[in-house]
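What follows is one structure encoded as structure tokens, with my remarks underneath.
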Amino acid sequence: MLPVYTGIRPPKPVDILFLNLSNLPGRPVYPYAFVQVSALARRAGLSVVRWDGLDLSRQQKLDCIAQLVKDHQPRAVAFTVRQADSVAADNYISIDSKTPPKNPWFPVEDTRAAILRVREVCNAKIFAGGFNFTVNSVSAAEYLKPDFAIVGEPDEFLQHFDEVLMGRTEGISNLLYRADGEWRQNQRVFWGPLDDIEYTEDIIDEIFRFHGERPLRNAHLEAVPGLGSYKETGISIAIEIARGCPCSCVFCCEPKVKGTTVRLRNLDVIEAEIHNLLRYGLRYYWFICSELNFAKDHVLELAERVIRINETLPLPIFWRSYFLPVKFNKDEFRLLLRSGLLIEQSGPFTTLSDENLKQMREPYRVRHALQHIKNLMELNEEPTRVSGKTSTSLGSLVMARKSLRNAGFCSHDVRNLQPGETRSQVR
């Protein structure tokens, strides 16, 4: 039996034992669901114990969960399913029929097995939810067979937690439940970001133990954090700044999960969260939003605030986020870089074909991408001051050039781009 440690244990029984068995081994991330759901539960007066089964075999996970249930005697056990599968071939393909995959990763199957084990060892109610669960909620519920499930945000469910445990299902938004042999879903409501600080001392302690204190501490003490490997983006600390996306890109389910209306988090709360994290020496963030572009004024004001904070720090804040090559002009993009935006690991554009972009329903066209690349090239030739430090967008330039090569462009073409030119005029 593996020892199971979850820090200072709250009094027994706890309200919710919150489990995640869907952490991708190649890129471990402390689940932001742990942070956000715990904050909502705390507001509702509920206690939560969190545990992630990263890097354990299925049997080890099941043994640990049985021990956790025994130790904490939860009233409910909740599972978050952030990811359901991988695009890494060695997660599923073996060399021959006798050799198992190198890195087997079956988060949904592991979650189902864990639900069965929980039922064997206690009578606690079982809930399921999470980003990927929400995408296919009914089919996921049919397979996992929880008692209840949450589609999207659990705000109202947590406010009525005791009533749901007693059997109430009516009128509680986003609740999925079984009735008359079928799954039924209540009204879908897209809740906005929390207007309060999310990170508490126990969460910070868990994050340090999850990554290892020395690796996390050393990463956040780097002059520019997160430049080493793809895996290092996972050590950034998530801070939600906005929620929702108005786009309908064919490859993305963000609007289905987060809604199509952009809802902004209060800037004073975001700034307070940053100061809270700085107390623990954490200065490398991932600003969570669907895309920066659809909250432009909000993002630019946040950047101004981060610049002012950086002026008071010996080591400045750096941050990442998702963005598209539209809406921000060169001067605005320079401001974001001054505030510590890192975009070295942003991938190449999906395509540099207007027809493909149209078919994929992406909200930009080739002219936007080329202008964005041109801006990066020009910004790369000038220093961007980040609290006395010089930083550039070199990594982004590498990715941009890769996009150009894939589409048959050369850097000279883009340097000579004039405003309003089309792809055919540039080539």
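The values are calculated or read from the model by the stated rules, or taken from the named source; none is laboratory data. Quick caveat: nothing in here was measured; it's all calculated off a predicted structure. Because the Cβ atoms are built from the backbone with ideal geometry, glycine has one as well, and the counts that use them run over all protein chains shown. The protein model used for the area step is the full one, side chains on, heavy atoms only, and it has no ligands, DNA or RNA in it. Shrake-Rupley method; radii C 1.70, N 1.55, O 1.52, S 1.80 Å.
Compared with the direct C-alpha span, the chain from Ser139 to Glu332 gains 65.1 nm at full extension, assuming 0.36 nm per residue.
Per-residue packing, averaged as other Cβ atoms within 10 Å, sorts the ranges 93-106, 162-175, 127-140 into the order 127-140, 162-175, 93-106, beginning with the highest.
Only Lys, Arg, Asp and Glu carry charge here, each on its Cβ (+1 for the first two, -1 for the last two); on that basis region 259-376 has a dipole of about 160 debye about its Cα centre. In this structure the amide hydrogen of Trp286, modeled in the peptide plane, comes within under 5 Å of the amide hydrogens of Ile237, Ala238, Ile239, Arg320, none closer than 5 places in sequence on its chain. Counting protein heavy atoms only, region 22-90 has 50 percent of its accessible area on carbon and sulfur, 1.4 angstrom probe. Per residue, the Cα convex hull of region 128-181 amounts to 74 Å³. Close amide H contacts of Gly152 (hydrogens built in the peptide plane, cut-off under 5 Å, sequence separation of 5 or more or a different chain): Gly130, Thr134.
Rolling a 1.4 Å probe over the protein heavy atoms gives region 5-125 an accessible area of 49 Å² per residue. If R0 is 45 Å, the Cβ-Cβ spacing of Leu116 and Glu213 corresponds to a FRET efficiency of close to 0.80. Are any of the pairs Lys296/Lys374; Lys258/Lys327; Lys70/Lys258 more than 28 Å apart by Cα-Cα distance, and if so, which? Those over the limit are Lys70/Lys258.
Measuring from centroid to centroid over Cα atoms, what is the spacing of region 261-302 and region 132-187 in Å? Each part's Cα centre sits 30 Å from the other's.
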